[in-house]
Structures are given as C-alpha cells and as structure tokens.
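Engineer: Mind having a look at this structure? Questions to follow.
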Amino acid sequence: MTRTGRRRGGASGLRRGEAAAGWLFTGPVIAILGVFLLVPVLMALWVSVSDWGGRGSPLSGSVSYVGADNFSAVLVDGGLATKDFGTALRNNAWYVLLVVPLQTALALFLAILVNRAVLRGRGFFRTAYYFPSVTSSVAITVLWLFLFSASGAVNGVLSWFGINGPNWFNDPRGVLHLVLGGVGVDSGPAALTQGGMLGVSWWEWLAGPSIAMSAYILMAIFTTSGTFMLLFLAGLQNLGGDVDEAAMMDGANGWQRFWRVTLPQLRPTLFTVLTLGLIGCWQVFDQIYTGTRGAPSKTTLTPAYLSYQTAFSNQEWGQGAAIAFILFVIIVVFTLLQRWVLRDRPVSRRRIRAYETTAKGGVS
C-alpha cells in the first residue's frame, strides 16, 4: 500500500472513530429525550384521537379510535367546548399582541441603557432589571394579587391622583369596550354582534383584554423583560463599532444609526427574542393557575389552562390533548410567519442603482 493510501485509510478510520465517539456521548441524551419526551408526545397524540377516559392504560384494548371527534368538539361543534376554546384563544391573542412587542421594546431599551459606557453602576442596574426574571412566577403572581387587589398598593397610588382604581383581578370588562363606552358606544353593529368565530362574536373578539388580563399583561412585561435584556445586551456587545463610526462620519444622527445600523445587525437576536416571547405567551399557565384560574367570567382563561382544566377537572382527556396539539400548531405557524417576516431580503435593483449613482458621484 502506498503512503497516500495509508493516509486516506487513517483519515477515514479517524472519522469513523469520531462518529462512534459522538454517538457514544449523545446516545444517553437521545435515549432520555426519547423516553421522557417523544414517547409522551406520541401517547398524547393517541389520546387526542381516542376515547380514553383517564382510567387504565390508553393503549389497552378497551380504548377506541374516534378520529377527529375531539378536535371537532373543540373547533366546529359550536357547543360549550367550542365557546370556551374561542374565549381562551381570544384572551391569549390579546395577551400575545400586547406582551410580545412591549416586552421586546422594553428589553431592547434596557439593554441599550445598561450597555452605555458612561452609565455608572451598570452591574447594579443589570442585576436589578434581571432579578424579577429569576424570581418564582408563583411568588410574583401572589405579590401581584396583593398589589392589584381592590385595596392594594396600586389603587392606593392611583387614589393620590384622584383616580378610583378598578378591582383588577375581579373585573371582566374589556378595556376597548370601556374606552368605547366612555364615548357613548355601548354596543356594536349587527355585523359584529351577530357574526363570529368559535362561538365568540366579533364584537367580543374586539373587546380587548379584560382589566384582569391587563394586570397579567403588566406582570408578564415586568418579569420577562430582564431575561430578554440579557440577550440583547449580548448581541450589542458583539457588534463592531466601525460601521457605527462610519455612519457617524456620514452625518447620521443617533436615531438613524440605531434604526439603520444597529437594529439590522441585531436581527438574529431579535428573532430569538420574538420566538421565545411568542412561545412563552401562548403557553402561559402557571400565573393563571396560581391566580384567577380563568375568572372572572373566563376572561383570563388561556388555551394552556383550558387544556389542563378539560383533561384533569372535566375528565375529557381527548379534548384536553386536542387543545394542546392545536396550541402546538398555532405556535409553529406564528414562528414560521415571524421567520418569514424577519428573513434576509435581497437588495432591490432600485436601491442598487441609487448606491451606484451615489458612488459614481463621490468618485467624480
């Protein structure tokens, strides 16, 4: 055998050894994930298309396949299950619509603030902003229930300004309906009150978050902004200063440098923050379970808590599993949509011509 052949044989043997070592180290993790993650998910999928009643094994011969009946009961039958799911979806949609952009904007603002070299005590502020994120969500919820009670500290502060604060966690009124009622609009047109989706009229879909859900929205922004602040801070510290300095030399002001230089470079971090925010908001459960459990009048009901309540309280295990998988599809769709919106776009021909014209003018 030639020297070249021996080198090739040694290289291929080395690659086989590396592959074997890789499988050796990752094998236990794959096995653990398969047993404790993949198998339960597959069993839950089977439960969602079966009539399992919660007793015995869902794989026993007494359990029958019912197809999409559980999904139909939640989505199209028009009964109480459909209306509850529509109400939960409406509540959670407003929660996502308000929490995700507000917590992202606040986290980015805090990251820029604590990243400034002129700020004294940056370590203290970073710790202070991040501290709510490492505090137990149960403890934060209990504290929030105390602060936002009818006689709590928040209403006490509002009373200093002559404002009679609401009974936050017991007020089911929609915020937008309250605003419209303030200008004399107490009911919607027939097109909104008679039509609807999932057993909920369009007028109710447009009610906005209830006052009770608004308190949860404030709590989510308060507790999660610190975590996302660290992600943005890491992204900011990895940016080079040469591009920003070049923009400054070209006469760009602070806002232009942020919007056209800094923010585009933070796109991967922004995608991560938005993805994690979407997933966390659609899966909100522990705050609802610890706090109001869907009350008042189901205006704080969420799909995650509804899935738990349907399965464990109402013993409708198939419908509970079906709600969980519908929620999974919703999260995947929103994640893919967000990825499409934040994708890298090619430079248009119009901008290329503008750049070429500018460059030629500078040369001449």
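Engineer: What helices (runs of 4 or more DSSP H), lying completely within region 283-364, carry at least 1 residues that are out of contact with any Phe, Trp or Tyr (no Cβ under 8 Å at 6 or more places or on another chain), small (Gly, Ala, Ser) and modelled with pLDDT of 90 or more?
Structural biologist: 303-308, 317-341
Engineer: May I ask you to list the residues in region 278-335 that are hydroxyl-bearing (Ser, Thr, Tyr) and closer than 24 Å to Val142 by Cα?
Structural biologist: Once the filter is applied, which keeps residues that are hydroxyl-bearing (Ser, Thr, Tyr) and closer than 24 Å to Val142 by Cα, region 278-335 yields Tyr289, Thr290, Thr292, Ser297, Thr299, Thr300, Thr302, Tyr305, Ser307, Tyr308, Ser313.
Engineer: Taking region 235-266 as the region of interest, how many residues are of a type in the set (Gly, Ala, Ser), surrounded by 12 or more Cβ atoms within 10 Å (Cβ to Cβ) and not in a loop (DSSP other than H, G, I, E, B)?
Structural biologist: Number satisfying all stated conditions: 3.
The values are calculated or read from the model by the stated rules, or taken from the named source; none is laboratory data. If you're wondering where the values come from, they're calculated on a predicted model, not measured in any experiment. Cβ coordinates were reconstructed from backbone atoms using ideal geometry, including for glycine residues, and neighbour counts include every protein chain displayed.
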